[in-house]
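Below: one structure, written as structure tokens.
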Amino acid sequence: MKAMKWFPLVILMLSVAGLALTLVLPVVIYSVGSTLQAVALALSAIVKQKGPLRQVSLSEPADEREESWRDQANLNAYGVVSVVAMIGLGASGIWTMFAFLHRRSLPPLETSLALFGFTMFLFTLFMVLPTLFASWTMPDIVEDEPEAEDRLSFLKPRRPRL
């Protein structure tokens, strides 16, 4: 298994920057934040295919340890994504409530673009976080001890090659 420790973090930072630009920039240049999020989403597909949670071959059954790491990483990631979704949707509801209390109207285009940007951010989290959790929690691969015969092979005389 190949661990990816830093690449998923770069993707998450790219997605956060895209979400921030989506929420802050005016509608005219909305595509800047959307483009950053689209790039992060495309890179997250690469992480999903090349990361430690991919199944090497479909014909061989997965190892029990790998299955438990995969399950634990997915469980942690889904928990984080659900908490972020609740916080984001709650903040959106509070923002809408304050806008109506102060007699301001919310432009539907800005609201829909913000929700679309948040949805792209959540999907990127959904794709990247299991790989990130697995990469940071999986121990490094240690090969099994060699057989006793192989460990003592340096004591055996070598045959000269002809």
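Residues checked against (1) among the aliphatic types (A, V, I, L, M); (2) at pLDDT below 85; (3) within 18 Å of the chain's Cα centre (by Cα):
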{"position": "P26", "(1), (2), (3)": "no, yes, no"}
{"position": "I29", "(1), (2), (3)": "yes, yes, no"}
{"position": "A38", "(1), (2), (3)": "yes, no, yes"}
{"position": "K48", "(1), (2), (3)": "no, yes, yes"}
{"position": "L58", "(1), (2), (3)": "yes, yes, no"}
{"position": "D63", "(1), (2), (3)": "no, yes, no"}
{"position": "W69", "(1), (2), (3)": "no, yes, yes"}
{"position": "Y78", "(1), (2), (3)": "no, no, yes"}
{"position": "V81", "(1), (2), (3)": "yes, no, yes"}
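Elements of the type helices (runs of 4 or more DSSP H) sitting completely within region 1-120 and holding at least 3 residues that are surrounded by 13 or more Cβ atoms within 10 Å (Cβ to Cβ) and of a type in the set (S, T, N, Q): these cover 31-50, 64-101. Test F133 against the criterion of being modelled with pLDDT of 90 or more and either surrounded by 14 or more Cβ atoms within 10 Å (Cβ to Cβ) or not hydrophobic (A, V, I, L, M, F, W, C) (or both), and give yes or no. It is false that F133 is modelled with pLDDT of 90 or more and either surrounded by 14 or more Cβ atoms within 10 Å (Cβ to Cβ) or not hydrophobic (A, V, I, L, M, F, W, C) (or both).
The values are calculated or read from the model by the stated rules, or taken from the named source; none is laboratory data. Bear in mind that the values here come from a model prediction, so they are computed numbers and not experimental data. Using ideal geometry, Cβ is built from the backbone for each residue, glycine included, and neighbour counts are taken over all protein chains shown.
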